[in-house]
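Take a look at the structure below.
The values are calculated or read from the model by the stated rules, or taken from the named source; none is laboratory data. The structure displayed is predicted, hence computed values, not measured ones. Methodologically, a virtual Cβ is constructed for each residue, glycine included, from the backbone with ideal geometry; neighbour enumeration extends over all protein chains shown.
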Amino acid sequence: MSSIQTSSPTEQEIERLLCALEGIASARVTTDVYARITAIHILAQPAFHPKQVVRNIESALSAGLGITVDRRVVSVAQFQEGAEAPTTAAANPAAQASGNGAPAAPAPPRGRLVFTSYDARTQPNHETLCRVTVRQDKEEFTGTATGSSTPVGRAQAAARALFSAITEGRELDSFVLDDVAIVTSIGRSFVLVAAHARDGRDLLPLTGVAQLTRGPEEAAILAALQAVNRWNDLDD
């Protein structure tokens, strides 16, 4: 059963947050008299696997609004627009790794990435330069990126810098930032990060969300790191 903290957000506020996630065209939420979520109906783009949409929803509700939702209350419908429905093989990139359809050997387990530090400063051209350092096991990796000096631009620079650092430390993975958004719900602001992870020829959309409490750079780093760390658990 779903649970919601005190001062529960309204159905409309939850729907607004879900609609800000990449790949979701519309969302309809229903709750009971105790403000617990009883159903979430999602209309998603065909490029996004329903299983991944559900995981993104769970992550966004948990990190963004403090809501734990039972995935069984989430239903995902996809509009096709001429696209074919996802096949079993498409839903499992590992099964497509070899030409004969045999699953590829599983990758060795990797430690979680941990945010170490970041530094952001305005350059003479008024762009923001952001440097992010992360740690995995006993190694540290640093990446840099630039963006406009607006709050969204600073968040974008931080997310790109994080992905740059990760790419340096994990050569087999490639993470690409799609977009960053700053949304406000129930009087609080959140940074949403949408990205793609490349696994061979396959692209898998990932989403992360973090509350904006100190600065857009830190929130974007935490949101992007949330999305990346879930990459290790996609086949669970």
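Of the residues Ala39, Ala47, Ala35, Ala60, only one is among the aliphatic types (A, V, I, L, M) and at pLDDT below 80; which? Full working, then the answer.
Working: Ala39 fails: at pLDDT below 80; Ala35 fails: at pLDDT below 80; Ala60 fails: at pLDDT below 80.
Step by step, each of Ala39, Ala47, Ala35, Ala60 is checked, and only Ala47 is among the aliphatic types (A, V, I, L, M) and at pLDDT below 80.
Scan segment 128-152 for residues that are buried (at least 17 other Cβ atoms within 10 Å of the Cβ) and in contact with a Pro (Cβ under 9 Å, 6 or more places away or on another chain) and report the count.
Final tally of qualifying residues: 1.
Has segment 27-49 got at least one residue that is under 18 Å from the mean Cα position of the chain (by Cα) and part of a helix (DSSP H, G or I)?
No; the residues of segment 27-49 include none that is under 18 Å from the mean Cα position of the chain (by Cα) and part of a helix (DSSP H, G or I).
Could you pull out every one of the strands (runs of 3 or more DSSP E) wholly within segment 142-236 that has 2 or more residues that are modelled with pLDDT under 80 and farther than 18 Å from Ser59 by Cβ? If you could, list the steps in order and put the result at the bottom.
Numbers: elements: 174-185, 188-199, 202-211.
It comes to 188-199, 202-211.
Can you work out which of the residues in segment 186-209 that are touching a residue at least 60 places away in the same chain (Cβ under 8 Å) and crowded, with 21+ Cβ neighbours inside 10 Å is farthest from Arg16 (Cα to Cα)?
Leu206
Filter segment 50-81 down to residues that are part of a loop (DSSP other than H, G, I, E, B) and in contact with a helix residue (DSSP H, G or I) (Cβ under 7 Å, 6 or more places away or on another chain) and give me whichever is farthest from Gln12 (Cα to Cα). Step through it out loud before you land on a result.
Of the residues in segment 50-81, the ones part of a loop (DSSP other than H, G, I, E, B) are 66-67, 69-70, 79-81.
Right, trim to in contact with a helix residue (DSSP H, G or I) (Cβ under 7 Å, 6 or more places away or on another chain) and you get 67, 69.
Values: Ile67: 15, Val69: 16 Å.
In this case the residue turns out to be Val69.
Being more than 18 Å from the chain's Cα centre (by Cα), touching a residue at least 60 places away in the same chain (Cβ under 8 Å) and farther than 30 Å from Arg16 by Cα is the filter here; which residues of segment 133-185 pass it?
Arg170, Leu172
Assuming Thr88 fulfils every condition listed in (1) at pLDDT below 90; (2) buried (at least 16 other Cβ atoms within 10 Å of the Cβ); (3) of a type in the set (Val, Ile, Thr) apart from one, which condition is it?
Against the list (1) at pLDDT below 90; (2) buried (at least 16 other Cβ atoms within 10 Å of the Cβ); (3) of a type in the set (Val, Ile, Thr), Thr88 comes up short only on (2).
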